[in-house]
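Written below as structure tokens is the structure these notes are about.
The values are calculated or read from the model by the stated rules, or taken from the named source; none is laboratory data. Keep in mind it's a predicted model, so treat the numbers as computed, not measured. Glycine also receives a Cβ, built like all others from the backbone with ideal geometry; neighbour counts cover every protein chain displayed.
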Number of protein chains: 2
Amino acid sequence: MALSPARVRIYEVAQAAGVSIATASKALNDTGRMAEETRQRVRQVAAELGFRPNAMARALLSKRSFTIGLLTNDTYGRFTLPLMAGVSEALVDEGVSVFLCTIEDDPQLARVHVDALLDKQVDGIIASGKRIDRRLQVDLTNLSIPVVYAFTEGPDDAVRLVSDDAQGAREAVQWLRGLGRRRIVHVTGPGSFASVQERTGAFREVVGPDGQVLFGNWSEAWGHEAVRRLWQASASQPDAIFCGNDQIARGVCDALRERGVSVPAEVSVVGFDNWEIVAAATRPPLTTVDMNLKQLGREAGRLVLALARGEAVTPGLRKLACQLVVRQSCGGGVT
Amino acid sequence: MALSPARVRIYEVAQAAGVSIATASKALNDTGRMAEETRQRVRQVAAELGFRPNAMARALLSKRSFTIGLLTNDTYGRFTLPLMAGVSEALVDEGVSVFLCTIEDDPQLARVHVDALLDKQVDGIIASGKRIDRRLQVDLTNLSIPVVYAFTEGPDDAVRLVSDDAQGAREAVQWLRGLGRRRIVHVTGPGSFASVQERTGAFREVVGPDGQVLFGNWSEAWGHEAVRRLWQASASQPDAIFCGNDQIARGVCDALRERGVSVPAEVSVVGFDNWEIVAAATRPPLTTVDMNLKQLGREAGRLVLALARGEAVTPGLRKLACQLVVRQSCGGGVT
DNA sequence: CTGAAAGCGCTAACAC
DNA sequence: GTGTTAGCGCTTTCAG
């Protein structure tokens, strides 16, 4: 398809079509006015010759490069990849490509990457991370190009996108209640995370202010430990555990099985993240909350693009709905 | 730092330094000859003004865009992200940025992405995937820019990079033998995978041609099943299990524990991939083979860059060494 | 040793 | 309707 022999320039198209360069340009860009017949002929010729306009030349002139940068400090890719997929999906058709820059938490490296992006005249930047309550280690204010913050903290007056943790948690807990569960406990990560607070808040909103919450870290090991504590206590044991992430949920499921407590017959378990590798391998497979990161990415892509085009976008925080994915750890749903 | 007020162009630098544009350009690029004093002064001024050359203009002239494209069909990112990190690391300092394109297995989408990359005049493309014995759904031959294949199949005469599965497997099995294990079994994925064949070959090379190999799929469930089969058989049970990936290894460890077989006291287990989320959460944490994907990425980056510069690179397959990461599932190592 | 001038490939006023 | 002309910001001969 794409041939190596020196790219054909608009000049040869014009020649072949018997028009001037300017006319060819207009024909190809649907600008100016000319006989429809001429326009078609030029296009025809261009197609035959396999003409592809030089993006550099075009960018130099138009100040738009049809590229954007995606900055992230999530080296693992747990959050970034789905997001990236969404961004990319929203932008390919518009002809814009995405530079991915992993900046870890190194301000120097971040600076280098941002400078490189700026040099390349990206039309916009999407800043993303692995925590919605932490900022990237770079100052992105006062850039001359638009910035959208997705799944990371940003200035109040910026366009920001996060998943609606509270809504997701609410949905999960309501699902448990709908299944008839009444003694629901929340086992989650460190209380210092905004997402933990959001989810905890929503949890208590549904089960009442006395709802029991165990804070720990994000690991499977903590899931085990939490179960040990709960079952060791003399008080009545829970009939449902809503976990702060899938790893904790997996630990909880394993620990319960090892204790001879049946999931979901005796206890229902819900996770958070829908991290396939964890959720699907858990026994039984986890019912869990998906943050729709791909959708979030699509939205972020759409928004930078709009901003880059100079369209007005209302600044502020946008929360995107999460979705409960039903597998087998709660009972209910498809059997 | 980076200010929005209209970018400063080389013209203002020249003005401020009291030289012509041409001289300024030469001073900045270390070309041409001029009084060292002049050169320094220009640089000084450029720095003060925060001058950053317009990459578009430069690219238009030099035919080099200082960008490359990374194509992958690994939507999950298990292999792509570490690779990407390496590529990026090798290239940031050279001022080249990376377009990440996830093409899934859709030829149409792939075409769109490649065309976009070509339009943007990328200096080269790195094709990567999730299997070393499958090609991407795009024809990348006959492009006018260099292509490097990393962790994916490519034409014989292309520059190709893969991890050395055989060496990695050999290392793992030798480690087990060094620990005194003699009845080693290999539990792995589908025999149709080239990497499975490589690893199996190396396994038999070390333990002898009669070494027992169980083929299945890449899941934890298969690890469970394999243990069931092995312990159900009347023959003597293995004292070590070398697994085709970490998920299988995790399944194996869980199954053994459930049977009351102690890991590593009675049976040693080795995984493959060093997928942190799986390897570290396994009880006990997995000793496993790391494919050094980041290193592979660095190498791929270095190579496209060399090719883009017109340097000669010997085509053919390059195998990069894997490395055994010792945790606790084998005994031995740090205690 | 330095500067004037040409031009990379394309688009956009303005003439014809 | 179509073509001529002037650049976008930079590098690079080639005179001076």
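Restricted to the range A:229-335, the set of helices (runs of 4 or more DSSP H) holding at least 3 residues that are touching a residue at least 60 places away in the same chain (Cβ under 8 Å) and in contact with a Ser or Thr (Cβ under 9 Å, 6 or more places away or on another chain) comprises A:246-259, A:293-308. Taking the range A:25-104 as the region of interest, the helices (runs of 4 or more DSSP H) fully inside it that hold 2 or more residues being more than 10 Å from every other protein chain (Cβ to nearest Cβ) and not aliphatic (A, V, I, L, M) are A:36-49. Here A:Gly32 meets the list (1) at pLDDT below 90; (2) away from DNA strand D (no atom under 16 Å from the Cβ) almost entirely, failing just condition (2). Selection of the range A:105-115 for residues being more than 9 Å from chain B (Cβ to nearest Cβ) and of a type in the set (A, V, I, L, M) yields only A:Ala110. Filtering the range A:161-178 to residues that are surrounded by fewer than 16 Cβ atoms within 10 Å (Cβ to Cβ) and either in contact (Cβ under 8 Å) with a residue 40 or more places away in the chain or within 14 Å of A:Cys243 (Cβ to Cβ) (or both) leaves only A:Gly178. Would you point out the residue of the range A:49-101, among those that are free of Cβ contacts under 8 Å to residues at least 24 places away in the same chain and away from DNA strand D (no atom under 16 Å from the Cβ), that is surrounded by the fewest Cβ atoms within 10 Å (Cβ to Cβ)? Among those that are free of Cβ contacts under 8 Å to residues at least 24 places away in the same chain and away from DNA strand D (no atom under 16 Å from the Cβ), it is A:Asp93. Of all the numbered requirements in (1) assigned to a helix (DSSP H, G or I); (2) surrounded by fewer than 21 Cβ atoms within 10 Å (Cβ to Cβ); (3) more than 14 Å from every other protein chain (Cβ to nearest Cβ), B:Leu214 misses one, and that requirement is (1). Based on this model, can you work out whether B:Ala14 counts as away from every other protein chain (no Cβ under 11 Å) and within 14 Å of DNA strand C (Cβ to nearest atom)? For B:Ala14, the condition - away from every other protein chain (no Cβ under 11 Å) and within 14 Å of DNA strand C (Cβ to nearest atom) - is met. Go through the range A:183-209 and give me each residue that's part of a loop (DSSP other than H, G, I, E, B), in contact with a strand residue (DSSP E or B) (Cβ under 8 Å, 6 or more places away or on another chain) and surrounded by fewer than 21 Cβ atoms within 10 Å (Cβ to Cβ). A:Arg183, A:Pro190, A:Gly191, listed by residue number. Within the range B:117-138, is there a residue that is more than 21 Å from the chain's Cα centre (by Cα), more than 9 Å from every other protein chain (Cβ to nearest Cβ), touching a residue at least 24 places away in the same chain (Cβ under 8 Å) and not in a loop (DSSP other than H, G, I, E, B)? No; the residues of the range B:117-138 include none that is more than 21 Å from the chain's Cα centre (by Cα), more than 9 Å from every other protein chain (Cβ to nearest Cβ), touching a residue at least 24 places away in the same chain (Cβ under 8 Å) and not in a loop (DSSP other than H, G, I, E, B).
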